[in-house]
Amino acid sequence: APRRYRYYQNACTQSYSFAWWDWARWEREIDWMALSGINLAPAFAGQEGVWQRVYRSLGLNQSEVDAYFTGPAFLAWNRMGNLRGWAGPLPPAWHLKQLYLQYRIVERMRSLGMITVLPAFAGHVPQGILRVFPRVNATRLGGWSHFDCTYSCTYLLDPEDPMFQVIGTLFLKELVREFGTDHVYSADTFNEMTPLSSDPAYLSRVSNAVFRSMTGADPEALWLMQGWLFQHQPDFWQPAQVWALLHGVPLGRMIVLDLFAESKPVYQWTESFYGQPFIWCMLHNFGGNHGLFGTVEAINRGPFAARRFPNSTMVGTGLVPEGIEQNDVVYELMNELGWRQEPLDLPRWVMRYAERRYGAPNAAAASAWRLLLRSVYNCTGVCVNHNRSPLVRRPSLRMDTELWYNASDVYEAWRLLLSAAPELGASPTFRYDLVDVTRQAVQQLVTEYYGSIRRAFQSHALPELLTAGGVLVYDLLPELDALLCSHSLFLLGRWLESARAVATSDREAEQYELNARNQVTLWGPSGNILDYANKQLGGLVLDYYGVRWSLFVSALVESLNAGSPFHQDQFNQAVFQVERGFVYNEKRYPAVPVGDTLEISRKLFLKYYP
């Protein structure tokens, strides 16, 4: 391989994708990592169990610990100091199960020659620390995202406070005693959190304190840090601030993940991270959203450009999606690039990909993939893959309907894939791709029907509004739901039942299911990050997105009938009750698929192909 490291995982993947995994699922993933040549990856499970031990030994009581940890579906943001308490507490059985998983995860990763990255102390502490150590110097950070201080505003220890080293070293020693170490540790102090001061000296003191708390437990420690903060808040992180944070650590003892390098590379404006080694990472996915998307040309060129950059300190490539189980082709491509000396011939590569994926050559399938590669998978410029399709967003009259590709290319790929079904229909990967491409085509159709609904409303055409709204709510969305219900990887029930399966009591099962439902919908008590982690799953489309659209169409019809304007804020209040109702509806969704994928896709095609 041309570089030392091939890295995988994002801090958020732990919650968006791995939250409910059992050992069998972890083992599959680790084996896939080995087959893909990944040699550096986090092993973050079980850390709360160790933290609880440390906090209790310092004198905190259980209720203070419980008030700090979030529920399992939100731990990624608790670990980065963004959130506390939301959807918690963590039951004792959770800690035991996660510790047991972590033993097996690190053992399996190491047996396959991978370097495990363990969590370290970033400086955030529970409020209970202030009761036990009243003279400790800790300051509250601001609220994160759309959360107020009820569940946010974590305390950050001052880097000069002696407790910083005590807590950090105590935790790491305990962790290493438990799981051994490969000497690489992860900590993110200012992920999407504005530091208390922009004084470079302060920022250097913070990174130095974090690093010293690592070396206090392991003199060989190497700090792996996500570089997301630099491009997320560029107004704060000017060159002087970036230099200061990076140079609080001796050169070569930190590796920075250039987290969103395919769209917003940081190495270019920081002189290659001012001498600290970095890994060129493809982020690609936010929130684990479904939706075909890729930036294949940027990926194909980016790592090689970074390597040729003056005084480049690049030491590897990485895949850092917030959520997985979507757009396999992009990850196959990125993994392959980690082993290449120069860019690939993409059209040729994707034809071979189709053959490998389906186990047989097929001209129609190869043509479909060439079309997808040049259109939906080739977003250029600064591309941010949040699925903003009207399908998965709260309805309004001002929804984003922009596409970065020709919709007709996806419709044509759909037609080509269906024509390959007689030959390839027995292949599980083909069936999965057929669902995914059909789903994308339907997502486009929803946008077109939304356009008709909006135009009909704005021109006061009630019959047209009733027709377009009726087709969307009573036929297209139910058909999409039926398609998704025909494949196990597109089932809401699979996500919810995997959450319940972790539980050791009915009460835990209820809590975990609420965690799982809230994450993919409201994301917070009041829709704080509404639909950020949207998914297109059988059950969710009908009972969540479908009900919202039905309410929206009814509100528009009512408005035309009464001759009164449509009020978005009133609608938002009404629709919030629907959204919240879904989180608490207690309906059990099947975790086993029903119906024939090929049949349903063909039926949709005959009815709706433009």
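The values are calculated or read from the model by the stated rules, or taken from the named source; none is laboratory data. The structure presented is a predicted model; accordingly, all values stated were derived computationally and were not measured. Glycine gets a Cβ as well: all are built from the backbone with ideal geometry, and neighbour counts include every protein chain shown. SASA here: full protein model, heavy atoms, side chains in, ligands and nucleic acids out. Shrake-Rupley method; radii C 1.70, N 1.55, O 1.52, S 1.80 Å.
When the GluC sites (Glu not before Pro) in the range 542-610 are filtered for DSSP coil states and for at most 11 other beta-carbon atoms within 10 Å of their beta-carbon, the remaining sites are GLU586.
Derived scalar couplings between HN and Hα for the range 592-597 equal 10, x, 10, x, 9, 3 Hz in order, rounded to whole Hz, by the Karplus curve 6.51 cos²θ - 1.76 cosθ + 1.60 (θ = phi - 60°), x for Gly and Pro.
Pairs of alpha-carbon atoms within less than 8 angstrom and 6+ residues apart define the contacts here; what relative contact order does the range 386-608 have, in percent? Don't jump to the answer; show the numbers that get you there.
Working: 244 pairs, mean separation 61.7, N = 223.
That works out to 28 percent.
Across all Cα atoms of the chain, the radius of gyration (one decimal) and Dmax (whole number) stand at 24.7, 74 Å. Size check on the range 406-519: the Cα extents along the three principal axes, sorted descending, read 56, 43, 22 Å. A protection proxy built from the mean count of other Cβ atoms within 10 Å ranks the segments 75-85, 15-25, most packed first, as 75-85, 15-25. Any chance you could give the angle, 0 to 90 degrees and rounded to 10, that helix 568-583 forms with the longest Cα principal axis of the chain? For 568-583 against the chain, the angle is about 70 degrees.
Tally Lys and Arg at +1 and Asp and Glu at -1 over the other residues with C-beta under 9 Å from the C-beta of TYR589: what net charge comes out? Please list the in-between numbers first.
Numbers: positive: ARG494, LYS587, ARG588; negative: GLU497, ASP543.
In short, +1.
Computed over the range 32-188, the Cα gyration tensor eigenvalues convert (square root of 5λ each) into semi-axes of 27, 17, 15 Å, ordered from largest to smallest.
Spread over its residues, the convex hull of the C-alpha atoms of the range 386-608 is 125 Å³ per residue.
Over all other residues within a Cβ to Cβ distance under 12 Å of PHE121, the charged ones net out to +1, with Lys and Arg as +1 and Asp and Glu as -1. Cβ screening of the chain for cysteine pairs under 4.7 Å finds these without a partner: CYS12, CYS281, CYS485.
Each part reduced to its alpha carbon centroid, the range 458-518 and the range 213-257 end up 41 Å apart. Taking the C-alpha atoms only, the angle from helix 407-424 to the longest principal axis of the chain is near 80 degrees.
Which loop trypsin sites (Lys or Arg not before Pro) in the range 268-350, with loop taken from DSSP, have no more than 15 other Cβ atoms within 10 angstrom of their Cβ?
ARG340
Across the range 272-282, rounded Karplus estimates of 3J(HN,Hα) from the backbone phi angles (6.51 cos²θ - 1.76 cosθ + 1.60, θ = phi - 60°) give 6, 6, 6, x, 7, x, 9, 10, 7, 10, 9 Hz, Gly and Pro being marked x. Full extension of the chain between LEU606 and ARG135 gives 162.4 nm of extra length, using 0.36 nm per residue less the Cα-Cα distance.
Each helix, a run of at least 4 DSSP H residues, gives -39500 (n - 2.57); summed and divided by the residues of the chain, these come to -15500 deg cm²/dmol at 222 nm.
The long axis of helix 92-111 is offset from the longest Cα principal axis of the chain by roughly 90 degrees. Restricting the calculation to alpha carbons of the range 263-361 gives Rg and Dmax of 14.7, 48 angstrom. Counting only protein heavy atoms and a 1.4 Å probe, the chain has 38 square angstrom of accessible area per residue.
Summary value for the range 254-341: 33 percent relative contact order, contacts being C-alpha pairs under 8 angstrom separated by 6+ residues.
Suppose every Lys and Arg Cβ carries +1 and every Asp and Glu Cβ carries -1, with no other charges. What dipole size does the chain come out with about its Cα centre, to the nearest 20 debye?
Numbers: 53 positive and 58 negative charges, 113 e Å.
For this selection, approximately 540 debye.
Amide H contacts for TYR5 (H built 1.01 Å from N in the peptide plane; partners 5 or more residues away or on another chain; cut-off under 5 Å): GLY316, THR317. Computed over every Cα-Cα pair of the range 503-588 and binned at 5 Å starting from 0, the pair-distance distribution P(r) comes out as 3, 13, 22, 22, 16, 11, 7, 4, 2, 1, 0, 0 percent. Please work out the C-alpha center-to-center distance from the range 391-452 to the range 56-86 and express it in whole Å. That distance is 41 Å.
One Cα centroid belongs to the range 107-131, the other to the range 167-189; the line between them spans 5 Å. On the range 386-608, 53 percent of the accessible area sits on carbon and sulfur atoms, based on a 1.4 Å probe. Straight-line reach from LYS587: which lysines have Cα under 26 Å away, leaving out those fewer than 8 places along the same chain? The reachable lysines, counting only those whose Cα sits under 26 Å from LYS587, are LYS535.
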